[in-house]
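What follows is one structure encoded as structure tokens, with my remarks underneath.
The values are calculated or read from the model by the stated rules, or taken from the named source; none is laboratory data. Bear in mind that the values here come from a model prediction, so they are computed numbers and not experimental data. Cβ: placed from backbone, ideal geometry, glycine included. Neighbour counts: every protein chain shown. Surface accessibility is based on the protein's heavy atoms, side chains included, excluding ligands, DNA and RNA. Shrake-Rupley method; radii C 1.70, N 1.55, O 1.52, S 1.80 Å.
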Amino acid sequence: MELVVARIGRAHGIKGEVTVEVRTDEPELRLSPGAVLKTEPAAAGPLTIETGRVHSGRLMLRFAGVKDRTGAEALRNILLIAEVDPAELPEEEDEYYDHQLMDLDVVLEDGTEIGRITEISHLPSQDLFIVERPDGSEVMIPFVEEIVAEIDLEEQRCVITPPPGLIDEREAIIDSTRDEDPAPDADSGDDA
């Protein structure tokens, strides 16, 4: 199975290095020196990683045969694709690859159907499942332990325990004092 693991960004310096937008949870495995990656568009590759380093929080790569800024600029926006064994699992027990979660049926604990995972959005604070409901609308489910109770890859389902209002806005609990009358002021001078 082929997975996009990164997108090449802008050139960095004059020696052929590029910044990389990482799209894998395992960059040390997929983007290490010596890795040979396919590309999209295919005519740009395959590319072999010569060196890699982190600079100011960004991954920098240099590819074999790319020795100057001009060569590095020519690679901008190319997707890097790794060949991954579909049976391969992450090292941690409660971790999953995106391709394992795609198309899982999302249900409540009582079996009520919510929809199907069509996309996974990786945000800085947490990951979100984008779930397509039977009526075609979408709902976003945070991929956190408090909400995602079970992932069953054999049964191809994800069991959730959403808080009120996550799935059905009519169930939302409004917890605001903004519309209440202010407390009487003790110093108002209305003593009897």
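Do we find a residue being without any contact (Cβ under 8 Å) to a residue 24 or more places away in the chain and in contact with a helix residue (DSSP H, G or I) (Cβ under 9 Å, 6 or more places away or on another chain) anywhere in the range 1-12?
In the first step, residues of the range 1-12 are kept if they are without any contact (Cβ under 8 Å) to a residue 24 or more places away in the chain; the result is none.
No, the conditions are met nowhere in the range 1-12.
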Since Val106 meets every condition but one in (1) over 30 Å from Ile167 (Cβ atoms); (2) in contact with a strand residue (DSSP E or B) (Cβ under 6 Å, 6 or more places away or on another chain), which condition does it not meet? (1)
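Give the range 91-126 a look and list any residue that's among the small types (Gly, Ala, Ser), outside any strand (DSSP E or B) and at pLDDT below 85, or say none.
Of all residues in the range 91-126, those among the small types (Gly, Ala, Ser) come to 111, 115, 121, 125.
Then drop every residue that is not outside any strand (DSSP E or B), which leaves 111, 125.
Across the range 91-126, the qualifying residue is only Ser125.
Give the number of residues within the range 35-62 that are part of a loop (DSSP other than H, G, I, E, B), modelled with pLDDT of 90 or more and open to solvent by less than 50 Å² (accessible area, probe 1.4 Å).
Pass one, the range 35-62, residues part of a loop (DSSP other than H, G, I, E, B): 35, 41, 45-46, 56-57.
With the extra rule that they be modelled with pLDDT of 90 or more, the set shrinks to 35, 41, 46.
Checking which are open to solvent by less than 50 Å² (accessible area, probe 1.4 Å) leaves us with 35.
Matching residues across the range 35-62 total 1.
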Out of the range 128-169, which residues are open to solvent by 40 Å² or more (accessible area, probe 1.4 Å), farther than 12 Å from Arg116 by Cβ, touching a residue at least 24 places away in the same chain (Cβ under 8 Å) and not in a loop (DSSP other than H, G, I, E, B)? Ala149
Take the residues in the range 98-127 that are polar (S, T, N, Q) and under 17 Å from the mean Cα position of the chain (by Cα), then tell me which one is surrounded by the fewest Cβ atoms within 10 Å (Cβ to Cβ). Ser125
Unique residue being closer than 16 Å to Val5 by Cα and out of contact with any helix residue (DSSP H, G or I) (no Cβ under 6 Å at 6 or more places or on another chain) when the list is His99, His55: His99
Could you please tell me which pairs satisfy a Cβ distance under 7 Å, a separation of 6+ or placement on different chains, a first residue in the range 92-119 that is closer than 14 Å to Val148 by Cβ, and a second residue that is in a loop (DSSP other than H, G, I, E, B) and polar (S, T, N, Q)? Leu104/Gln156; Asp105/Gln156; Glu109/Thr161
Within the range 24-52, can you find the residues that are more than 16 Å from Ile78 (Cα to Cα) and either touching a helix residue (DSSP H, G or I) at 6+ places or on another chain (Cβ under 6 Å) or of a type in the set (Asp, Glu) (or both)? Asp25, Glu26, Glu28, Glu50
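Using the structure shown, decide if Thr24 is of a type in the set (S, T, N, Q), surrounded by 18 or more Cβ atoms within 10 Å (Cβ to Cβ), within 25 Å of Leu123 (Cα to Cα) and at pLDDT below 90. Walk me through it before giving the result.
Numbers: of a type in the set (S, T, N, Q): yes; surrounded by 18 or more Cβ atoms within 10 Å (Cβ to Cβ): yes; within 25 Å of Leu123 (Cα to Cα): yes; at pLDDT below 90: yes.
So Thr24 passes the test.
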